[in-house]
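Everything on this sheet refers to the single structure shown next.
We did not get these values from a lab; they are worked out from the coordinates using the rules stated. Being a predicted model, the structure only gives us computed values, none of them experimental. Neighbour counts run over all protein chains shown; Cβ positions are idealised from the backbone, glycine included.
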Amino acid sequence: MAYLIKATGEITQVRPANGEGFTLDELQGFVGGYIEVIDSSKLRRSQLVEDPITDESELWLNENGKLQNLPINQIATMLYTYGDHDPIVGDVLLAKVGWRTNKEGERNDYHF
């Protein structure tokens, strides 16, 4: 399960269009530009959403959000370990990462 956390404070549950994993276009659409990811090692554990943050959680945000002067996202900033001095801006996607193997046996990450 993934959550779109808007800078306005609104939290919406979202799913990939294909039912399996978000595409790059979907991720960029949620955050409004190029994506940057913050992995679970830099996230505070929280019960702000139904599914708690786990070791598989990632926070996807707009890589250029600060340059674009996007508004501070108070909820995402609270989730970020370094948020006290490095706030998160703009809309973000909180998702879990998983993996599967393709026909060649290679591992492919996907996000849900």
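Sort 71-77, 29-35, 90-96 by the packing proxy (mean of other Cβ within 10 Å over each peptide's residues), most packed first.
By packing density, highest mean first, the sequence is 90-96, 71-77, 29-35.
Distance between the 7 Å Cα→Cβ label points at D25 and R44: 3.7 nm. Label separation (Y82 vs I11): 2.4 nm, computed from points 7 Å beyond Cα along the C-beta direction.
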